[in-house]
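As structure tokens, the structure follows; a few thoughts come after it.
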Amino acid sequence: MSVKIETALDPRRVAEVTNDVVVGFDIGSRTGKAVLLKDGLIFSAIAPTAVFTQQTVDKLLSILEEDAKIKLSDIDFAIGTGYGRVAFDLKDTRKKIVTEITCHAMGAYYLNSDIQSIVDIGGQDAKAIRVDPRNGHVVDFIMNDKCAAGTGRFLEKVAELLGLTTEELGVEALKATEPSDISSQCVVFAESEVISLSAKSEPPTNIAAGIHFANARRIKNLFNRIGLVPEIMFSGGVAHNVGMKKAVEQVLGHKFIEVNYDAIFTGALGAAILAQQTLISSKLDMAINI
Amino acid sequence: MSALVAEKINDDPLEITTQKEYLEYSKTVHHYSKAIQKLIDLINNYVPDAEKAYKAGQPAIWTGGYRWEPTLLYALGVIPVSYTEMGRYSFRDDMLVAEDIYQFPVETCSMVKCSVGQWHKRLNTGTIDRILGSSCMCEPFNLAWEVMRQKGYDVYANEAIYRAPNVDGPRLESLVQFMGEQLLDVAEWVTGKREIDEERLKEEVKRKNRLLVKFRRVLDLRITHPFYMKTLPIILTLSVGVNNYFGKPLEFEAALDELIVELENEPIQEEDLKRAITLVWAGGTGQEFGVYEAIDLAGGALLGFRDVPFKLADESLPALESLVRYHYANSRAGAGVYTRNVIESEVEKLKAKGVILYGYIGCSFASIDREMWRRYFHEKGVPCLNLEGSFQTGAPSGQVLTRVRAFVEMLDSNRQKLG
């Protein structure tokens, strides 16, 4: 799948994209994402994270190769990010590793340069990131990974308990008349609470909404530490969850900014942009050394 | 496995799972420095060699190994053996000993549980059987000492020695008097006599000062050679060696001398100075050594430390008073504000780009200090990373590594922005 760069990116950033063919791989705990920049187009691929990172990377590469009609040797530079960033092989293609925090900030900056705060909820952690709107650099960040609560995996577990898919969980939450009061911050005890609420015939819609609000409060706590400055973007796998989006907006008291590209690819896009910036820097260094 | 993995992925942390593996790997990383290799050997052999010496008839006592304890014990003719160093040989099963046999709550600090597990393993083995518990040490250790006393160890714990902020004048003098009496009590437990040989203690105070000066020289030389001695050996040399000399004062001093010569003769690499992201480490020595590797590989240079002893002991005073006043004048005097002052001074001296605040999971005391320091430096515009790590296991979690790398990346981009 591809889109034109000018369709997806902030118009202020379009001219900065070079002709270098680059890929960003964002290997998360639940899904792997990749973005390829080539000929003024953004190609993307997504696949469930396999047991071995290389399998995920190979799968993503095969999708990109087919869609963009390229070979691995056509790629000038690649950046890997996400938890699976450490162990993957691209043969002779030059590559580098950058954390997803840096990549999400850069991706957000290229999607809309007014963004100053990012809520990133992935499969196994949640992050609050502050972005410098002048250059897409990270100003501050904080991660919540003490336990599964507040993460995508937590929502999956709750959806399972309620007999829903994760997509349905968010949709059901929007129908709530009175969100349930979920007090526990621990996934194990929250699970008990959900079972207990179900036993009391609490509507699943209210339980779903209650779970989302409990998570949203955790996000607010993260921003209490680093400060919240609009515009705010929602990225990561859970960005697709409409119930979570609504709950976080309500708890933070701000609407998320809309971007013209699927927010789940923010990290991979940022990695691809950083790959281009790395090539620019290395060319500059070479020019200086000549 | 470790080195091969390192070469293969070359820009991300290693998949090493034990502390000893990390130290062995660190020796290969520092293949160009005989001095650093000697220091790593001293680190690795500290506890085993002390236990061997004890079995051969030399007095040795388990101790926290910080502050006044090693100086006093050396003066009393005893090898101080730091029990926190036993964590290096600990695994999950040591924690389980503390939890299952001695009913330590799961949330108890992993450092304390590891020590209990290690002491338990040594019961009736003919090894060191005396424990000096300084109550300046983390409070949960009191529980560990009591449990070990019941199991047959000869345990002595003195009263807490604590100087609250702004305590000076007559109140400080009274504290000096109090601590002096405490140290005489310790001497009585160690030797049976309530006295300390003035000349021997004087020599030990002088040795302490001399080694501190040499260590400061190493730290100063690291400013111009930020990557010569990487994070793991420097942090262990600071937090262990400078305090208790790895049980071998002469060898430790010789290794420091050799290191100074190596650093002085090493040409300054301008490129290293440009790429080094100067950091101050404000934490203990966790056994998750991968954190240090992650800092090194990300381009961070840990040049400042919260435990840098600022002030030397006053050699013109009677030796015991000198040791006591040295204790009260340095960052380990008790209140978090003393340590914060050291961190701040290090940040200013090094023009550090950021501070890494590190503590152990389950350590409620340090978590409060860290949060106070984080807020203080945040308000001063100094970025801080608040990390929680584990004491007993080898490899850090992916999330911890992500935090470290992201922090260094953030500081690097800040530096580029500022030109």
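Worth a mention:
- Check on A:GLY107, under 18 Å from the mean Cα position of the chain (by Cα), assigned to a loop (DSSP other than H, G, I, E, B) and surrounded by 22 or more Cβ atoms within 10 Å (Cβ to Cβ): no
- B:VAL5 vs. criteria in a helix (DSSP H, G or I) and at pLDDT 75 or above: no
- Just so you know, in the stretch B:80-103 the residues that are over 21 Å from the mean Cα position of the chain (by Cα) and assigned to a loop (DSSP other than H, G, I, E, B) include one that is surrounded by the fewest Cβ atoms within 10 Å (Cβ to Cβ), and it is B:GLN103.
- Single unsatisfied condition, B:TYR162 versus (1) at pLDDT below 95; (2) of a type in the set (Phe, Trp, Tyr); (3) surrounded by 17 or more Cβ atoms within 10 Å (Cβ to Cβ): (3)
- For the stretch B:278-299, the criterion of being at pLDDT 90 or above and small (Gly, Ala, Ser) is met by none of the residues.
- Within the stretch B:77-92, the set of residues being modelled with pLDDT of 80 or more and not hydroxyl-bearing (Ser, Thr, Tyr) comprises B:GLY77, B:VAL78, B:ILE79, B:PRO80, B:VAL81, B:GLU85, B:MET86.
- The one condition in (1) small (Gly, Ala, Ser); (2) within 30 Å of A:LYS33 (Cβ to Cβ); (3) surrounded by 16 or more Cβ atoms within 10 Å (Cβ to Cβ); (4) assigned by TED's automatic domain parsing to the domain that holds A:GLN124 that A:ALA176 fails to fulfil: (2)
- Qualifying residues in the stretch A:123-134 (those that are within 11 Å of chain B (Cβ to nearest Cβ) and in a loop (DSSP other than H, G, I, E, B)) - the one surrounded by the most Cβ atoms within 10 Å (Cβ to Cβ): A:ASP125
- Of all residues in the stretch B:104-125, those that are at pLDDT 90 or above and either among the hydrophobic types (A, V, I, L, M, F, W, C) or not in a helix (DSSP H, G or I) (or both) total 6.
- Per-region count, the stretch B:46-65, residues surrounded by fewer than 17 Cβ atoms within 10 Å (Cβ to Cβ) and in a loop (DSSP other than H, G, I, E, B): 4
So that you can scan it fast, the table gives a plain yes or no per residue for (1) in a strand (DSSP E or B); (2) out of contact with any helix residue (DSSP H, G or I) (no Cβ under 9 Å at 6 or more places or on another chain); (3) surrounded by 24 or more Cβ atoms within 10 Å (Cβ to Cβ):
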| residue | (1), (2), (3) |
| --- | --- |
| B:ASN244 | no, no, yes |
| B:LEU250 | no, yes, no |
| B:GLU253 | no, no, no |
| B:GLU258 | no, no, no |
| B:LEU263 | no, no, no |
| B:PRO267 | no, yes, no |
| B:LYS274 | no, yes, no |
| B:VAL280 | yes, no, yes |
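- Qualifying residue in the stretch A:72-81 (condition: more than 14 Å from every other protein chain (Cβ to nearest Cβ), touching a residue at least 60 places away in the same chain (Cβ under 8 Å), hydrophobic (A, V, I, L, M, F, W, C) and surrounded by fewer than 22 Cβ atoms within 10 Å (Cβ to Cβ)): no
- Only one entry in A:ASP120, A:ASP140, A:ASP92, A:ASP114 is more than 9 Å from chain B (Cβ to nearest Cβ), in contact (Cβ under 8 Å) with a residue 24 or more places away in the chain and over 15 Å from the mean Cα position of the chain (by Cα), namely A:ASP114.
- Breaking point among (1) over 18 Å from the mean Cα position of the chain (by Cα); (2) part of a helix (DSSP H, G or I), for B:GLY77: (2)
The values are calculated or read from the model by the stated rules, or taken from the named source; none is laboratory data. Source: prediction; values computed, not measured. FYI the Cβ positions are ideal-geometry reconstructions off the backbone, even for glycines, and counts take in every protein chain you see.
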